[in-house]
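The structure appears right after this line, and notes come after that.
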Amino acid sequence: MFLGRIIYIFFSIFSLSLTVSFLYMPNLVLLFVISCVGAVSTLLRIGSGAKTESFVACLVADCHYMFAFVAMVGDYLSDKAIYAAVLGGCVSNLIAIVMLLLENKESNHSYQDEF
């Protein structure tokens, strides 16, 4: 077990669960926390040796969250548009976590094949 990978997976799942909580209770502070946790998760993903596809999915989620945060602060868009942007980030974050699980499964098989 690698401690860095555990922390990175924790932040990824934490970001996804915060996003789901925003979908039930939209709040500016919660959206700011989601953006920060997503950015930390992306930065940790750089050092964890994750594949490019997983990293890009995480970047897309961050872009969705930051767009929604700026739109909510500036009151540029309707609530439905902000909700849609956060939902897009949630889907992208879910894709990143599924890719991470598949990557872990592949690495476990290659590790077991060596013995």
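The values are calculated or read from the model by the stated rules, or taken from the named source; none is laboratory data. Nothing here was measured: the structure is a model prediction, and the numbers come from that model. No Cβ is skipped: glycine too gets one built from the backbone with ideal geometry, and neighbour counts run over all protein chains shown. What goes into the accessible areas is simple: the full protein's heavy atoms, side chains included, and nothing from ligands, DNA or RNA. Shrake-Rupley method; radii C 1.70, N 1.55, O 1.52, S 1.80 Å.
Remarks
- Qualifying residue in the range 41-54 (condition: at pLDDT 85 or above and either more than 22 Å from residue 83 (Cα to Cα) or not in a helix (DSSP H, G or I) (or both)): no
- Residue 86 vs. criteria open to solvent by 30 Å² or more (accessible area, probe 1.4 Å) and either on the phi < 0 side of the Ramachandran plot or at pLDDT 80 or above (or both): no
- Residue list for the range 1-17, filter: at pLDDT 85 or above and either surrounded by 15 or more Cβ atoms within 10 Å (Cβ to Cβ) or more than 9 Å from the chain's Cα centre (by Cα) (or both): 10, 14, 15, 16, 17
- Near pairs, Cβ below 8 angstrom, 6+ apart or cross-chain, from the range 1-30 (without any contact (Cβ under 8 Å) to a residue 24 or more places away in the chain) to any residue that is assigned to a helix (DSSP H, G or I) and open to solvent by 50 Å² or more (accessible area, probe 1.4 Å): 18/33
- Count of the range 96-115 residues, restricted to those that are open to solvent by 80 Å² or more (accessible area, probe 1.4 Å) and either modelled with pLDDT of 85 or more or among the polar types (S, T, N, Q) (or both), is 2.
- Answer from 73, 29 - the residue that is in a helix (DSSP H, G or I), out of contact with any Pro (no Cβ under 6 Å at 6 or more places or on another chain) and closer than 19 Å to residue 90 by Cβ: 29
- The lone exception for residue 67 - which of (1) at pLDDT below 85; (2) buried (at least 19 other Cβ atoms within 10 Å of the Cβ); (3) not in a loop (DSSP other than H, G, I, E, B) it fails: (1)
- Number of the condition not met by residue 74 [criteria: (1) more than 30 Å from residue 6 (Cβ to Cβ); (2) at pLDDT below 85; (3) open to solvent by 50 Å² or more (accessible area, probe 1.4 Å)]: (3)
- Selection status of residue 20, open to solvent by 50 Å² or more (accessible area, probe 1.4 Å) and of a type in the set (A, V, I, L, M, F, W, C): yes
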